[in-house]
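The values are calculated or read from the model by the stated rules, or taken from the named source; none is laboratory data. Quantities reported herein were computed from a predicted structural model and do not represent experimental measurements. For neighbour counting, all protein chains shown are included, and Cβ atoms are generated from backbone atoms with ideal geometry for every residue, glycine included.
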Amino acid sequence: MSTLTANTDSPQTEQTVFGHSPGLFLLFFTEMWERFSYYGMRALLVLFLVSDAAAGGWAWTRAEAMELYGWYTGLVYVTPILGGILADAILGYRRAVLLGALLMTLGHGAMAFETRSMFYAGLVLLIIGNGLFKPNISSIVGQLYKNKPEKKDSAYTIFYMGINAGAFFGMLFCGYIGEKISWSYGFGLAGIFMFLGMLMFQFGQTIFGELGLAPTSKDKPKQPSEQQQVPQKVETDRLLVIGILSFFTIFFWMAFEQAGGSMNIFAKDYTARVLKGTAATAFFWVDTLLTLVPLVIVTWVLFKLVAATRGKIALSNAFIVFSFVIIWSAAVWRMNREFNTRAYELAVTPLPAAAAPASTDKPANSASEESAAAAEKPAKPAGPVTASLLTDVTLEAGQEVIVVDLAGKGGEGTLRLLSESEAANYSSRQQAVVKRILGNETEVTASWFQTLNSFFIIALAPLIGRIWETRLNPSAPVKFGLGLILLGVGFAALGMACVGLEKGAKTAQLSMWWLVVAYLFHTLGELFVSPVGLSYVSKLAPARLVGLMFGIWFLASAIANYLAGLSGAMIDKISEQYGLATFFFVFTAVPAIAGFVLIAGSREIRRRMHGIE
């Protein structure tokens with residue numbers, strides 16, 4: 001409930017939102033749309049690169065796509081170290097956030113063109129922009145509560161919910177539009193919301209007063225005379241603990257970040273994503289609830305913010321409201337499209353032997369070996385191919401249509417209905433005749449499964465937080481160890497799902513429940529590691545070295561993300577030699593062993609923490 005209260009950090013009286021400064025919720029929505037853009041793009045990156053040219057992708061090999069993914073996600077965690085230093089010394093937090101948001105907006109826009117030069121330029125802009133944005137918006141949250149330390153934990157919890165809400169919506173909407181409509185539209189949607197986030201921050205930042213402005217000489221940190229002196233040995237031991245925890249997080253994030261890589265490939269090529277009849281209906285209503293409930297909650301928060309800041313940041317609020325008009329429109333459009341989607345049986349005329357999928361602006365060496373091998377096979381005898389088509393367009397038996405096979409299999413893969421104007425862009429288009437209506441079917445997008453991580457965080461974080469407040473609260477090393485083990489359990493589920501597959505299998509139809517179970521355990525592991533790690537770094541590091549220690553923490557995450565790409569790139573090599581199950585069992589063993597080692601040494605690590613709990 002909004003109440004009138006005096007803000008000790010600002011000379012003016014202001015209303016609060018859920019007992020917090022309205023500035024927190026401006027940061028909440030700005031961060032939410034930034035995470036929307038980041039995770040929306042990440043959900044599409046590998047899928048776009050490995051998709052066949054007929055589907056608008058670049059037909060890269062899985063190894064090539066995973067290597068680029070590793071470089072991108074690794075550098076995303078390196079640049080925040082430099083961005084934080086630049087903001088502290090020159091720009092100030094607010095300018096850094098705005099500049100970062102602008103660069104990321106331009107980056108998403110560049111990627112929407114899908115040409116090689118613009119695509120790479122877009123990735124570079126995203127990496128630099130993220131480095132300026134990511135650390136400094138969190139710093140503004142901390143400055144808001146400089147004089148209210150008792151509210152800082154709850155403020156960061158609210159901010160963390162904004163992060164996960166943005167990630168959830170980004171993967172849900174950008175993933176859906178990218179896979180089912182156009183990769184360009186998916187990348188572009190991410191840029192639109194980053195742009196709106198930048199505008200709402202730009203026109204609402206007056207609410208912060210002087211917080212986050214460029215530093216002056218009077219802002220240089222002072223050493224308090226009453227600061228408690230810590231013996232050198234104690235300080236050294238605590239720094240060693242930070243180093244140990246940072247080292248073990250590499251094992252965690254190296255495996256966890258397979259979500260955007262090898263697990264994305266697993267969802268695309270090895271998961272039965274076409275649901276029929278009752279299963280399709282059940283999924284529609286579950287998906288609808290997963291979409292609407294979070295949207296209703298954040299819209300309620302929006303109304304509270306607008307009510308509390310009426311007349312103060314009117315233009316900023318207008319952009320926030322406009323962003324919600326877009327997201328609600330997208331939600332209604334998406335639900336209507338899925339509700340009206342039906343399956344049709346088609347008789348597809350095969351492609352002429354000389355026909356080939358349309359070329360894209362991609363590197364000459366990025367065509368997959370599988371596609372090359374397929375091109376060398378002799379043409380099949382001409383004759384109609386019986387196939388199924390999922391579309392929300394109402395068709396009738398006997399109607400002639402134009403389709404394209406997104407898998408480049410001449411009608412035997414996933415089909416997309418084309419309009420007359422769209423057909424001109426596809427040399428691999430095929431004529432087809434509707435034979436009959438098959439009924440209620442839907443295809444779950446591969447990127448949809450990534451939303452489960454954010455959903456489980458929102459659902460389970462309060463429960464885990466409550467456990468940490470009881471006597472069951474373990475020490476930091478034990479929490480880390482348990483988190484690593486839980487992560488391994490999630491990969492064990494995927495390994496068991498693949499046990500029956502042949503070596504080198506490129507596709508399969510495994511139950512989608514395996515991915516649901518995997519993401520559940522991965523999220524539990526994340527809740528044991530991620531929030532806990534940042535908290536202990538701030539507790540263990542001496543005041544003069546806090547920034548450096550967080551830099552080391554981010555550097556460990558950067559190394560882990562790069563290794564995630566390199567290790568994920570081995571999916572085909574390991575699958576061909578030992579089977580896909582072995583690939584996932586490797587990711588079971590590595591974090592689990594690291595977790596047991598950490599638990600075994602927890603007593604010694606805890607001793608070196610010297611009373612920090």
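Tabulated results
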item	result
Filter pass, Leu240 being at pLDDT 90 or above, in the same structural domain as Arg62 (by TED's automatic domain parsing) and surrounded by fewer than 18 Cβ atoms within 10 Å (Cβ to Cβ)	no
Residue ID - nearest to Leu102 (Cα to Cα), chosen from residues in region 163-192 that are among the β-branched types (Val, Ile, Thr) and assigned to a helix (DSSP H, G or I)	Ile192
From the options Thr105, Thr79, Thr61, Thr115, residue that is in contact with a Phe, Trp or Tyr (Cβ under 7 Å, 6 or more places away or on another chain) and among the hydroxyl-bearing types (Ser, Thr, Tyr)	Thr105
Criterion (part of a helix (DSSP H, G or I), assigned by TED's automatic domain parsing to the domain that holds Thr206 and within 28 Å of Tyr176 (Cα to Cα)) met by exactly one of Ala63, Ala59, Ala96	Ala63
Residue in region 558-613 that is modelled with the highest pLDDT, counting only those that are closer than 21 Å to Leu540 by Cα and not in a helix (DSSP H, G or I)	Gly601
Odd one out for Gly92 among (1) surrounded by 19 or more Cβ atoms within 10 Å (Cβ to Cβ); (2) modelled with pLDDT of 90 or more	(2)
Any pair with Cβ under 6 angstrom, 6 or more apart, that starts in region 134-146 at a residue that is not assigned by TED's automatic domain parsing to the domain that holds Met194 and basic (Lys, Arg) and ends at one that is at pLDDT 85 or above and not in a helix (DSSP H, G or I)	none
Matching option when the condition is surrounded by 15 or more Cβ atoms within 10 Å (Cβ to Cβ), of a type in the set (Ser, Thr, Tyr) and within 31 Å of the chain's Cα centre (by Cα), among Ser475, Ser428	Ser475
Inter-residue pairs, beta-carbon under 6 Å, first over 18 Å from Pro135 (Cβ atoms) and in region 532-548, second β-branched (Val, Ile, Thr) and in a loop (DSSP other than H, G, I, E, B), 6+ apart	Lys539/Ile612; Leu540/Ile612
Those residues of region 271-296 which are in contact (Cβ under 8 Å) with a residue 60 or more places away in the chain, β-branched (Val, Ile, Thr) and closer than 17 Å to Ala165 by Cβ, in sequence order	Thr291
Region 499-520 - residue that is of a type in the set (Gly, Ala, Ser) and surrounded by fewer than 19 Cβ atoms within 10 Å (Cβ to Cβ) and, of those, farthest from the chain's Cα centre (by Cα)	Gly500
Unique residue being in a loop (DSSP other than H, G, I, E, B) and in the same structural domain as Gln258 (by TED's automatic domain parsing) when the list is Ala505, Ala459	Ala505
Residue check, Leu275 part of a strand (DSSP E or B) and on the phi < 0 side of the Ramachandran plot	yes
Residues of region 581-598 classified as under 14 Å from Gly483 (Cβ atoms) and crowded, with 20+ Cβ neighbours inside 10 Å, total	5
Candidate set from region 281-322 (those that are of a type in the set (Gly, Ala, Ser) and either surrounded by fewer than 18 Cβ atoms within 10 Å (Cβ to Cβ) or not assigned by TED's automatic domain parsing to the domain that holds Thr30 (or both)); member that is modelled with the lowest pLDDT	Gly311
